[in-house]
Amino acid sequence: MDAKFSPEYNPLFERLESLDSVDVLDTTLRDGEQAPGISLSPEQKADIARALDAAAVPYIEAGSACTGEGERRTISRVTDLGLDATITSFARGVQSDVDLALECGVDGVNLVVPASDRHIEGKVGTTRDGVVERTVELVDYATDHGLWVEVIGEDGSRADLDFLVELLGGALEAGADRVCYADTVGHAGPDEAAEAVSRLAELGPTSTHTHDDLGLGMANTLASVAAGADLVHTTVNGVGERAGNVALEEVAIAFDHSYGVETVDTTQLYDLAGLVSRYTGVPLPPNKAVIGENAFAHESGIHTDGTLKDERMYEPYSPEKVGRERRLVLGKHTGRAGARAALAEHDVEVSGANLEEVVSRVKELADRGKRVTDADLLAITEDVRGTERERRVELLDLTAASGGATPTASVRLRVDDDERVASGVGSGPVDAAVSAVREALGSAADAQLDSYHVDAITGGTDAVVTVEVTMSRGDRTVTVARSDADITRASVVAMVDALDRLLVAGSEPVPADD
(Lines give C-alpha, C1' and ligand atoms only; values in the text may rest on other atoms or scores of the structure.)
Protein backbone atom coordinates (compact mmCIF):
# COMPACT_ATOMS: atom_id res chain seq x y z
CA MET A 1 0.00 0.00 0.00
CA ASP A 2 1.24 3.48 -0.84
CA ALA A 3 2.61 5.22 2.27
CA LYS A 4 0.23 8.16 2.08
CA PHE A 5 -2.73 5.77 2.52
CA SER A 6 -1.26 3.71 5.35
CA PRO A 7 -2.68 3.90 8.90
CA GLU A 8 0.57 5.48 9.98
CA TYR A 9 -0.22 8.57 7.92
CA ASN A 10 -4.01 8.39 7.94
CA PRO A 11 -5.54 8.34 11.46
CA LEU A 12 -9.04 8.28 9.98
CA PHE A 13 -8.31 5.07 8.09
CA GLU A 14 -6.63 3.54 11.13
CA ARG A 15 -9.55 4.16 13.49
CA LEU A 16 -12.28 3.03 11.10
CA GLU A 17 -10.38 -0.08 10.05
CA SER A 18 -10.23 -1.17 13.70
CA LEU A 19 -14.02 -1.07 14.24
CA ASP A 20 -16.38 -4.02 13.98
CA SER A 21 -19.65 -2.11 14.10
CA VAL A 22 -21.29 1.28 14.61
CA ASP A 23 -24.82 1.78 15.94
CA VAL A 24 -27.48 3.83 14.19
CA LEU A 25 -30.30 5.95 15.59
CA ASP A 26 -32.73 6.76 12.81
CA THR A 27 -34.75 9.94 13.19
CA THR A 28 -36.78 9.84 9.97
CA LEU A 29 -39.98 9.84 12.00
CA ARG A 30 -38.97 13.01 13.88
CA ASP A 31 -36.24 15.07 12.21
CA GLY A 32 -37.12 13.73 8.77
CA GLU A 33 -40.78 14.66 9.19
CA GLN A 34 -39.75 18.22 10.06
CA ALA A 35 -38.85 18.81 6.42
CA PRO A 36 -41.32 21.23 4.77
CA GLY A 37 -44.41 19.53 3.40
CA ILE A 38 -43.96 16.16 5.11
CA SER A 39 -46.67 14.83 7.41
CA LEU A 40 -46.81 11.13 8.20
CA SER A 41 -49.95 9.36 9.43
CA PRO A 42 -49.84 6.99 12.42
CA GLU A 43 -50.05 3.97 10.10
CA GLN A 44 -47.31 5.31 7.84
CA LYS A 45 -45.03 5.88 10.82
CA ALA A 46 -45.78 2.37 12.03
CA ASP A 47 -44.94 0.93 8.60
CA ILE A 48 -41.65 2.84 8.47
CA ALA A 49 -40.78 1.79 12.02
CA ARG A 50 -41.39 -1.87 11.10
CA ALA A 51 -39.17 -1.50 8.04
CA LEU A 52 -36.41 0.14 10.10
CA ASP A 53 -36.65 -2.66 12.63
CA ALA A 54 -36.50 -5.26 9.84
CA ALA A 55 -33.28 -3.56 8.70
CA ALA A 56 -31.89 -4.07 12.22
CA VAL A 57 -31.75 -0.37 13.08
CA PRO A 58 -31.16 -0.49 16.86
CA TYR A 59 -32.58 2.94 17.81
CA ILE A 60 -35.67 4.64 16.34
CA GLU A 61 -36.73 8.16 17.33
CA ALA A 62 -40.48 7.89 16.81
CA GLY A 63 -41.38 11.57 17.12
CA SER A 64 -41.66 14.48 19.50
CA ALA A 65 -44.21 13.85 22.24
CA CYS A 66 -44.46 17.55 23.06
CA THR A 67 -45.86 18.33 19.59
CA GLY A 68 -49.45 17.47 20.48
CA GLU A 69 -51.99 14.79 21.26
CA GLY A 70 -52.00 13.45 17.71
CA GLU A 71 -48.24 12.99 17.74
CA ARG A 72 -48.42 11.22 21.09
CA ARG A 73 -50.98 8.77 19.69
CA THR A 74 -48.64 8.17 16.77
CA ILE A 75 -45.63 7.53 19.02
CA SER A 76 -47.73 5.17 21.14
CA ARG A 77 -48.72 3.35 17.94
CA VAL A 78 -45.01 2.71 17.30
CA THR A 79 -44.22 1.68 20.88
CA ASP A 80 -47.09 -0.82 20.79
CA LEU A 81 -45.53 -2.70 17.85
CA GLY A 82 -43.18 -4.67 20.10
CA LEU A 83 -40.13 -3.98 17.94
CA ASP A 84 -36.60 -5.06 18.82
CA ALA A 85 -35.36 -1.47 18.46
CA THR A 86 -35.13 0.98 21.34
CA ILE A 87 -37.92 3.52 20.72
CA THR A 88 -37.29 7.11 21.79
CA SER A 89 -38.97 10.51 21.79
CA PHE A 90 -37.44 13.92 21.28
CA ALA A 91 -37.71 16.03 24.44
CA ARG A 92 -36.80 19.64 25.10
CA GLY A 93 -35.06 20.65 28.28
CA VAL A 94 -38.25 20.80 30.34
CA GLN A 95 -39.71 18.17 32.67
CA SER A 96 -43.14 18.25 31.03
CA ASP A 97 -41.61 16.93 27.78
CA VAL A 98 -40.15 13.97 29.65
CA ASP A 99 -43.53 13.32 31.27
CA LEU A 100 -45.28 13.37 27.89
CA ALA A 101 -42.72 10.95 26.49
CA LEU A 102 -43.35 8.61 29.44
CA GLU A 103 -47.08 8.66 28.65
CA CYS A 104 -46.27 7.27 25.18
CA GLY A 105 -44.47 4.25 26.60
CA VAL A 106 -41.12 4.98 24.94
CA ASP A 107 -37.89 3.30 26.03
CA GLY A 108 -35.92 6.53 26.11
CA VAL A 109 -35.63 10.22 25.36
CA ASN A 110 -33.33 12.32 23.21
CA LEU A 111 -33.04 15.25 25.58
CA VAL A 112 -32.10 18.36 23.61
CA VAL A 113 -30.57 21.28 25.54
CA PRO A 114 -29.04 24.53 24.20
CA ALA A 115 -25.26 24.49 23.85
CA SER A 116 -24.32 27.63 21.91
CA ASP A 117 -24.62 31.11 23.42
CA ARG A 118 -26.89 32.00 20.52
CA HIS A 119 -29.39 29.39 21.74
CA ILE A 120 -28.75 29.79 25.47
CA GLU A 121 -29.24 33.55 25.52
CA GLY A 122 -31.21 34.35 22.39
CA LYS A 123 -33.58 31.37 22.25
CA VAL A 124 -34.01 30.17 25.84
CA GLY A 125 -33.06 33.33 27.71
CA THR A 126 -30.90 31.73 30.38
CA THR A 127 -27.22 31.33 31.28
CA ARG A 128 -24.60 28.64 30.79
CA ASP A 129 -24.77 27.72 34.48
CA GLY A 130 -28.54 27.58 34.26
CA VAL A 131 -28.41 25.14 31.34
CA VAL A 132 -25.94 22.85 33.10
CA GLU A 133 -28.00 22.85 36.31
CA ARG A 134 -31.27 22.18 34.48
CA THR A 135 -29.74 19.42 32.35
CA VAL A 136 -28.41 17.57 35.40
CA GLU A 137 -31.86 17.77 37.04
CA LEU A 138 -33.63 16.44 33.95
CA VAL A 139 -31.19 13.58 33.44
CA ASP A 140 -31.66 12.60 37.07
CA TYR A 141 -35.46 12.79 36.64
CA ALA A 142 -35.55 10.78 33.40
CA THR A 143 -33.21 8.04 34.62
CA ASP A 144 -35.18 7.77 37.87
CA HIS A 145 -38.22 6.96 35.69
CA GLY A 146 -36.35 4.15 33.92
CA LEU A 147 -35.65 5.92 30.63
CA TRP A 148 -32.61 5.48 28.41
CA VAL A 149 -31.25 9.00 28.05
CA GLU A 150 -29.20 10.65 25.32
CA VAL A 151 -28.38 14.33 25.89
CA ILE A 152 -27.90 16.39 22.73
CA GLY A 153 -26.14 19.73 22.87
CA GLU A 154 -28.16 21.72 20.34
CA ASP A 155 -26.06 23.85 17.97
CA GLY A 156 -22.99 22.11 19.38
CA SER A 157 -20.90 22.90 16.31
CA ARG A 158 -21.21 26.63 17.08
CA ALA A 159 -20.82 26.26 20.85
CA ASP A 160 -17.75 27.12 22.88
CA LEU A 161 -16.04 23.74 22.94
CA ASP A 162 -14.95 23.97 26.56
CA PHE A 163 -18.52 24.72 27.61
CA LEU A 164 -19.90 21.90 25.42
CA VAL A 165 -17.54 19.50 27.22
CA GLU A 166 -18.65 20.89 30.61
CA LEU A 167 -22.35 20.62 29.73
CA LEU A 168 -22.32 17.10 28.28
CA GLY A 169 -19.77 15.88 30.81
CA GLY A 170 -22.17 16.96 33.55
CA ALA A 171 -24.97 15.00 31.82
CA LEU A 172 -22.87 11.83 31.82
CA GLU A 173 -21.96 12.29 35.47
CA ALA A 174 -25.66 12.67 36.27
CA GLY A 175 -26.38 9.28 34.71
CA ALA A 176 -27.07 9.91 31.01
CA ASP A 177 -26.43 6.85 28.85
CA ARG A 178 -24.71 8.90 26.18
CA VAL A 179 -24.24 12.41 24.80
CA CYS A 180 -24.48 13.67 21.24
CA TYR A 181 -22.48 16.17 19.21
CA ALA A 182 -25.05 18.03 17.08
CA ASP A 183 -24.12 19.96 13.96
CA THR A 184 -27.65 21.37 14.05
CA VAL A 185 -27.33 23.77 11.12
CA GLY A 186 -24.75 21.89 9.05
CA HIS A 187 -22.10 24.44 9.96
CA ALA A 188 -19.05 22.29 10.71
CA GLY A 189 -16.29 20.83 8.61
CA PRO A 190 -14.75 17.40 9.28
CA ASP A 191 -11.85 18.81 11.28
CA GLU A 192 -14.19 20.69 13.63
CA ALA A 193 -16.43 17.66 14.05
CA ALA A 194 -13.47 15.41 14.81
CA GLU A 195 -12.05 17.80 17.38
CA ALA A 196 -15.33 18.18 19.26
CA VAL A 197 -16.20 14.48 19.22
CA SER A 198 -12.71 13.46 20.34
CA ARG A 199 -13.10 15.66 23.42
CA LEU A 200 -16.58 14.28 24.20
CA ALA A 201 -15.65 10.64 23.55
CA GLU A 202 -13.05 10.87 26.30
CA LEU A 203 -15.92 11.45 28.74
CA GLY A 204 -18.23 8.60 27.70
CA PRO A 205 -20.41 7.13 24.91
CA THR A 206 -20.85 9.75 22.21
CA SER A 207 -23.20 10.05 19.22
CA THR A 208 -23.04 12.35 16.21
CA HIS A 209 -25.90 14.20 14.50
CA THR A 210 -24.98 15.83 11.19
CA HIS A 211 -26.83 17.89 8.58
CA ASP A 212 -25.95 18.37 4.93
CA ASP A 213 -26.16 22.14 4.45
CA LEU A 214 -22.55 22.25 3.21
CA GLY A 215 -22.72 18.84 1.56
CA LEU A 216 -20.51 17.52 4.37
CA GLY A 217 -22.98 15.36 6.30
CA MET A 218 -21.29 12.09 5.35
CA ALA A 219 -17.77 13.50 5.76
CA ASN A 220 -18.62 14.81 9.23
CA THR A 221 -20.12 11.45 10.17
CA LEU A 222 -16.94 9.61 9.15
CA ALA A 223 -14.81 12.16 10.97
CA SER A 224 -16.95 11.82 14.09
CA VAL A 225 -16.70 8.04 14.17
CA ALA A 226 -12.98 8.23 13.50
CA ALA A 227 -12.73 10.55 16.50
CA GLY A 228 -14.58 8.18 18.83
CA ALA A 229 -18.35 8.38 18.21
CA ASP A 230 -20.02 4.96 18.33
CA LEU A 231 -23.58 5.90 17.29
CA VAL A 232 -24.73 7.87 14.23
CA HIS A 233 -28.04 9.72 13.78
CA THR A 234 -29.52 9.28 10.28
CA THR A 235 -32.68 9.66 8.24
CA VAL A 236 -33.79 7.45 5.35
CA ASN A 237 -33.03 9.14 2.00
CA GLY A 238 -31.51 12.04 3.95
CA VAL A 239 -34.90 13.72 4.43
CA GLY A 240 -34.91 16.51 6.98
CA GLU A 241 -34.89 20.22 7.54
CA ARG A 242 -33.22 22.47 4.94
CA ALA A 243 -30.69 20.31 3.03
CA GLY A 244 -31.55 17.28 5.16
CA ASN A 245 -29.67 14.89 7.43
CA VAL A 246 -26.98 12.38 6.64
CA ALA A 247 -28.68 9.49 4.81
CA LEU A 248 -29.02 6.08 6.45
CA GLU A 249 -28.31 4.23 3.20
CA GLU A 250 -25.14 6.22 2.53
CA VAL A 251 -23.85 5.73 6.06
CA ALA A 252 -24.54 1.99 5.92
CA ILE A 253 -22.87 1.31 2.58
CA ALA A 254 -19.92 3.67 3.19
CA PHE A 255 -19.00 1.94 6.43
CA ASP A 256 -19.62 -1.51 4.98
CA HIS A 257 -17.86 -1.12 1.65
CA SER A 258 -15.00 1.17 2.56
CA TYR A 259 -14.13 -0.07 6.05
CA GLY A 260 -15.89 -3.40 6.62
CA VAL A 261 -17.86 -1.90 9.51
CA GLU A 262 -21.37 -3.24 10.18
CA THR A 263 -24.30 -0.90 10.82
CA VAL A 264 -27.65 -2.27 9.59
CA ASP A 265 -28.92 -4.96 7.23
CA THR A 266 -27.97 -3.36 3.92
CA THR A 267 -30.18 -5.69 1.86
CA GLN A 268 -33.24 -3.84 3.21
CA LEU A 269 -32.08 -0.37 2.16
CA TYR A 270 -33.71 -0.11 -1.26
CA ASP A 271 -37.17 -1.22 -0.13
CA LEU A 272 -36.88 1.07 2.89
CA ALA A 273 -35.96 4.00 0.65
CA GLY A 274 -38.92 3.36 -1.64
CA LEU A 275 -41.33 3.15 1.30
CA VAL A 276 -40.15 6.46 2.78
CA SER A 277 -40.18 8.14 -0.63
CA ARG A 278 -43.80 7.09 -1.25
CA TYR A 279 -45.00 8.13 2.20
CA THR A 280 -43.19 11.47 2.32
CA GLY A 281 -43.88 12.37 -1.29
CA VAL A 282 -40.20 13.21 -1.75
CA PRO A 283 -38.97 11.56 -4.98
CA LEU A 284 -35.55 9.94 -5.16
CA PRO A 285 -33.13 11.77 -7.48
CA PRO A 286 -32.04 9.32 -10.18
CA ASN A 287 -28.36 9.96 -9.44
CA LYS A 288 -28.68 9.54 -5.66
CA ALA A 289 -26.08 7.27 -4.11
CA VAL A 290 -27.19 3.72 -3.27
CA ILE A 291 -30.91 4.08 -3.93
CA GLY A 292 -31.18 6.34 -7.01
CA GLU A 293 -32.65 4.87 -10.19
CA ASN A 294 -29.32 5.17 -12.02
CA ALA A 295 -27.09 3.72 -9.28
CA PHE A 296 -26.94 0.32 -11.02
CA ALA A 297 -28.11 1.28 -14.51
CA HIS A 298 -25.84 0.99 -17.55
CA GLU A 299 -26.49 2.52 -20.97
CA SER A 300 -23.07 3.20 -22.47
CA GLY A 301 -22.08 0.50 -24.93
CA ILE A 302 -18.59 0.26 -23.44
CA HIS A 303 -19.90 0.08 -19.87
CA THR A 304 -22.64 -2.40 -20.73
CA ASP A 305 -20.26 -4.69 -22.59
CA GLY A 306 -17.77 -4.54 -19.72
CA THR A 307 -20.47 -5.19 -17.11
CA LEU A 308 -21.78 -8.21 -19.02
CA LYS A 309 -18.26 -9.64 -19.05
CA ASP A 310 -17.55 -8.80 -15.40
CA GLU A 311 -20.32 -7.56 -13.11
CA ARG A 312 -17.84 -5.59 -11.00
CA MET A 313 -16.28 -3.85 -14.01
CA TYR A 314 -18.23 -0.60 -13.53
CA GLU A 315 -19.78 -1.03 -10.07
CA PRO A 316 -18.13 -0.57 -6.65
CA TYR A 317 -20.31 -3.24 -5.02
CA SER A 318 -23.07 -5.58 -6.13
CA PRO A 319 -26.65 -4.26 -6.31
CA GLU A 320 -27.80 -7.26 -4.28
CA LYS A 321 -25.90 -5.87 -1.28
CA VAL A 322 -28.51 -3.11 -0.98
CA GLY A 323 -31.51 -5.15 -2.15
CA ARG A 324 -31.39 -4.11 -5.80
CA GLU A 325 -30.93 -5.51 -9.29
CA ARG A 326 -28.75 -4.32 -12.14
CA ARG A 327 -30.48 -2.62 -15.08
CA LEU A 328 -29.39 -2.29 -18.69
CA VAL A 329 -30.85 0.96 -19.97
CA LEU A 330 -31.60 1.55 -23.61
CA GLY A 331 -30.70 4.88 -25.20
CA LYS A 332 -28.42 6.72 -27.60
CA HIS A 333 -25.34 5.03 -26.11
CA THR A 334 -26.70 1.49 -26.42
CA GLY A 335 -24.45 -1.01 -28.17
CA ARG A 336 -24.99 -4.49 -29.54
CA ALA A 337 -24.10 -6.23 -26.28
CA GLY A 338 -26.63 -4.17 -24.33
CA ALA A 339 -29.44 -4.64 -26.85
CA ARG A 340 -28.75 -8.38 -27.09
CA ALA A 341 -28.76 -8.74 -23.29
CA ALA A 342 -31.96 -6.67 -22.91
CA LEU A 343 -33.73 -8.82 -25.51
CA ALA A 344 -32.49 -12.00 -23.87
CA GLU A 345 -34.32 -10.98 -20.70
CA HIS A 346 -37.51 -11.38 -22.77
CA ASP A 347 -36.37 -14.64 -24.34
CA VAL A 348 -35.79 -12.96 -27.71
CA GLU A 349 -32.68 -13.71 -29.75
CA VAL A 350 -31.49 -11.36 -32.49
CA SER A 351 -28.14 -11.39 -34.27
CA GLY A 352 -26.32 -10.16 -37.34
CA ALA A 353 -27.87 -7.47 -39.51
CA ASN A 354 -31.13 -7.54 -37.55
CA LEU A 355 -29.29 -6.71 -34.33
CA GLU A 356 -27.46 -3.86 -36.04
CA GLU A 357 -30.78 -2.47 -37.28
CA VAL A 358 -32.38 -2.78 -33.83
CA VAL A 359 -29.48 -0.86 -32.26
CA SER A 360 -29.70 1.80 -34.97
CA ARG A 361 -33.42 2.33 -34.38
CA VAL A 362 -32.98 2.44 -30.61
CA LYS A 363 -30.39 5.19 -31.03
CA GLU A 364 -32.64 7.06 -33.48
CA LEU A 365 -35.57 6.92 -31.05
CA ALA A 366 -33.41 8.11 -28.16
CA ASP A 367 -31.98 10.95 -30.27
CA ARG A 368 -35.53 12.30 -30.58
CA GLY A 369 -35.55 12.75 -26.81
CA LYS A 370 -37.64 9.68 -26.03
CA ARG A 371 -36.82 7.29 -23.24
CA VAL A 372 -36.58 3.80 -24.75
CA THR A 373 -38.46 1.20 -22.71
CA ASP A 374 -38.61 -2.59 -22.93
CA ALA A 375 -41.85 -2.31 -24.87
CA ASP A 376 -40.22 0.02 -27.38
CA LEU A 377 -37.30 -2.37 -27.85
CA LEU A 378 -39.60 -5.33 -28.38
CA ALA A 379 -41.78 -3.40 -30.85
CA ILE A 380 -38.69 -2.30 -32.80
CA THR A 381 -37.41 -5.87 -32.88
CA GLU A 382 -40.74 -7.22 -34.10
CA ASP A 383 -40.77 -4.62 -36.89
CA VAL A 384 -37.17 -5.36 -37.91
CA ARG A 385 -37.86 -9.08 -38.05
CA GLY A 386 -41.16 -8.56 -39.88
CA THR A 387 -43.14 -10.44 -37.26
CA GLU A 388 -46.46 -9.48 -35.72
CA ARG A 389 -47.23 -10.19 -32.10
CA GLU A 390 -50.76 -11.20 -31.29
CA ARG A 391 -51.96 -9.13 -28.36
CA ARG A 392 -53.42 -10.98 -25.41
CA VAL A 393 -54.92 -7.96 -23.62
CA GLU A 394 -56.07 -4.64 -25.11
CA LEU A 395 -57.92 -1.67 -23.61
CA LEU A 396 -61.05 -0.87 -25.63
CA ASP A 397 -62.76 1.68 -23.41
CA LEU A 398 -62.17 3.49 -20.11
CA THR A 399 -64.47 5.66 -18.01
CA ALA A 400 -63.32 7.19 -14.73
CA ALA A 401 -65.06 9.56 -12.32
CA SER A 402 -63.65 11.25 -9.24
CA GLY A 403 -66.27 13.91 -8.51
CA GLY A 404 -68.07 11.91 -5.84
CA ALA A 405 -67.01 10.72 -2.43
CA THR A 406 -65.54 7.50 -3.87
CA PRO A 407 -63.59 7.55 -7.15
CA THR A 408 -64.92 4.91 -9.57
CA ALA A 409 -63.89 3.56 -12.96
CA SER A 410 -65.06 1.03 -15.52
CA VAL A 411 -63.06 -0.65 -18.29
CA ARG A 412 -63.80 -2.72 -21.36
CA LEU A 413 -60.98 -5.05 -22.37
CA ARG A 414 -60.38 -7.50 -25.16
CA VAL A 415 -58.78 -10.56 -23.58
CA ASP A 416 -57.74 -13.14 -26.16
CA ASP A 417 -61.03 -13.60 -28.06
CA ASP A 418 -63.35 -12.25 -25.37
CA GLU A 419 -64.58 -8.83 -24.34
CA ARG A 420 -64.76 -8.18 -20.61
CA VAL A 421 -66.29 -5.30 -18.68
CA ALA A 422 -65.52 -4.56 -15.06
CA SER A 423 -65.64 -1.69 -12.59
CA GLY A 424 -63.65 -0.72 -9.55
CA VAL A 425 -63.23 1.85 -6.81
CA GLY A 426 -60.09 3.31 -5.31
CA SER A 427 -58.40 6.16 -3.53
CA GLY A 428 -58.28 8.10 -6.83
CA PRO A 429 -59.31 7.64 -10.47
CA VAL A 430 -56.05 5.88 -11.40
CA ASP A 431 -56.35 3.49 -8.46
CA ALA A 432 -60.01 2.83 -9.33
CA ALA A 433 -59.17 2.14 -12.99
CA VAL A 434 -56.38 -0.25 -12.06
CA SER A 435 -58.77 -2.07 -9.73
CA ALA A 436 -61.20 -2.42 -12.62
CA VAL A 437 -58.49 -3.87 -14.87
CA ARG A 438 -57.50 -6.39 -12.18
CA GLU A 439 -61.17 -7.33 -11.74
CA ALA A 440 -61.52 -7.94 -15.48
CA LEU A 441 -58.38 -10.07 -15.69
CA GLY A 442 -58.88 -11.97 -12.45
CA SER A 443 -56.00 -14.25 -11.48
CA ALA A 444 -54.13 -13.33 -14.66
CA ALA A 445 -53.59 -9.84 -13.21
CA ASP A 446 -51.35 -11.16 -10.45
CA ALA A 447 -48.49 -9.06 -11.79
CA GLN A 448 -46.73 -6.76 -9.36
CA LEU A 449 -46.41 -3.04 -9.98
CA ASP A 450 -42.72 -2.43 -9.20
CA SER A 451 -42.58 1.26 -10.08
CA TYR A 452 -44.86 4.02 -11.28
CA HIS A 453 -43.49 7.35 -12.50
CA VAL A 454 -45.15 10.40 -13.96
CA ASP A 455 -42.22 10.96 -16.25
CA ALA A 456 -42.92 14.28 -17.96
CA ILE A 457 -45.61 16.88 -18.35
CA THR A 458 -45.70 19.38 -21.21
CA GLY A 459 -46.96 22.90 -20.61
CA GLY A 460 -49.90 24.79 -22.06
CA THR A 461 -53.55 23.96 -22.53
CA ASP A 462 -52.68 20.80 -24.50
CA ALA A 463 -50.51 19.41 -21.70
CA VAL A 464 -49.51 15.76 -22.11
CA VAL A 465 -48.39 13.51 -19.30
CA THR A 466 -46.09 10.52 -19.74
CA VAL A 467 -46.52 7.63 -17.34
CA GLU A 468 -43.88 4.92 -17.05
CA VAL A 469 -44.58 1.67 -15.23
CA THR A 470 -42.46 -1.37 -14.47
CA MET A 471 -44.37 -4.58 -13.76
CA SER A 472 -43.25 -8.12 -13.06
CA ARG A 473 -44.90 -11.51 -13.17
CA GLY A 474 -42.95 -14.54 -12.08
CA ASP A 475 -39.41 -14.07 -13.38
CA ARG A 476 -40.43 -11.67 -16.16
CA THR A 477 -40.23 -7.86 -15.87
CA VAL A 478 -41.24 -5.23 -18.40
CA THR A 479 -41.18 -1.42 -18.51
CA VAL A 480 -43.72 0.53 -20.59
CA ALA A 481 -44.23 4.27 -21.05
CA ARG A 482 -47.39 5.82 -22.52
CA SER A 483 -48.44 9.43 -23.04
CA ASP A 484 -51.86 11.06 -22.99
CA ALA A 485 -53.58 14.29 -22.02
CA ASP A 486 -55.37 12.26 -19.31
CA ILE A 487 -53.12 10.82 -16.59
CA THR A 488 -55.66 8.08 -15.82
CA ARG A 489 -55.73 6.87 -19.43
CA ALA A 490 -51.95 7.07 -19.75
CA SER A 491 -51.58 5.03 -16.56
CA VAL A 492 -54.08 2.36 -17.51
CA VAL A 493 -52.83 1.98 -21.09
CA ALA A 494 -49.27 1.59 -19.81
CA MET A 495 -50.31 -1.04 -17.27
CA VAL A 496 -52.48 -2.94 -19.74
CA ASP A 497 -49.67 -2.95 -22.29
CA ALA A 498 -47.26 -4.20 -19.62
CA LEU A 499 -49.66 -6.98 -18.65
CA ASP A 500 -50.06 -7.87 -22.32
CA ARG A 501 -46.28 -8.22 -22.66
CA LEU A 502 -46.09 -10.33 -19.51
CA LEU A 503 -48.84 -12.67 -20.74
CA VAL A 504 -46.62 -13.91 -23.55
CA ALA A 505 -48.05 -15.54 -26.64
CA GLY A 506 -48.51 -19.25 -26.29
CA SER A 507 -48.72 -19.14 -22.51
CA GLU A 508 -51.71 -20.20 -20.47
CA PRO A 509 -55.16 -18.83 -21.42
CA VAL A 510 -56.63 -15.98 -19.41
CA PRO A 511 -59.79 -17.44 -17.87
CA ALA A 512 -62.50 -15.23 -16.45
CA ASP A 513 -62.82 -15.69 -12.70
CA ASP A 514 -66.19 -16.91 -11.48
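A few points about this structure:
- Here A115 clears all of (1) among the aliphatic types (A, V, I, L, M); (2) within 23 Å of S157 (Cα to Cα); (3) in contact with a helix residue (DSSP H, G or I) (Cβ under 6 Å, 6 or more places away or on another chain); (4) surrounded by fewer than 24 Cβ atoms within 10 Å (Cβ to Cβ) except the condition numbered (4).
- Cβ-Cβ under 6 Å pairs, at least 6 apart or on other chains, the range 46-64 side over 22 Å from L100 (Cβ atoms), far side among the β-branched types (V, I, T) and assigned to a loop (DSSP other than H, G, I, E, B): A55/V264; A56/V264; V57/V264
- Some residue of the range 376-384 being in a loop (DSSP other than H, G, I, E, B), surrounded by 19 or more Cβ atoms within 10 Å (Cβ to Cβ) and modelled with pLDDT of 70 or more: no
- Taking the criterion of being assigned to a loop (DSSP other than H, G, I, E, B) and either open to solvent by less than 30 Å² (accessible area, probe 1.4 Å) or in contact (Cβ under 8 Å) with a residue 24 or more places away in the chain (or both), the residues of the range 134-184 that qualify are H145, L147, D155, A159, D160, A174, G175, A176, D177, T184.
- The single condition among (1) out of contact with any Lys or Arg (no Cβ under 6 Å at 6 or more places or on another chain); (2) modelled with pLDDT of 80 or more that G460 does not satisfy is (2).
- Enumeration of residues in the range 117-171 that are among the aromatic types (F, W, Y) and under 28 Å from P190 (Cβ atoms): F163
- Residue within the range 76-93 that is outside any loop (DSSP other than H, G, I, E, B), closer than 27 Å to A273 by Cβ, modelled with pLDDT of 95 or more and open to solvent by 60 Å² or more (accessible area, probe 1.4 Å) present: yes
- Residue list for the range 355-375, restricted to those being open to solvent by 30 Å² or more (accessible area, probe 1.4 Å) and at pLDDT 75 or above: E356, E357, S360, R361, K363, E364, D367
- Hey, D53 open to solvent by less than 40 Å² (accessible area, probe 1.4 Å), out of contact with any helix residue (DSSP H, G or I) (no Cβ under 8 Å at 6 or more places or on another chain) and farther than 30 Å from E133 by Cα or not: yes
- When each of A409, A436 is tested for being in contact with a strand residue (DSSP E or B) (Cβ under 6 Å, 6 or more places away or on another chain), open to solvent by less than 20 Å² (accessible area, probe 1.4 Å) and not in a strand (DSSP E or B), the lone residue that passes is A436.
The values are calculated or read from the model by the stated rules, or taken from the named source; none is laboratory data. What you see is a predicted model, and the numbers here were worked out from it, not measured in a lab. Note that each Cβ is placed from the backbone with ideal geometry, even for glycine, and that neighbours are counted across all protein chains shown. Just the protein is used for accessible areas: all its heavy atoms, side chains included, with ligands, DNA and RNA removed. Shrake-Rupley method; radii C 1.70, N 1.55, O 1.52, S 1.80 Å.
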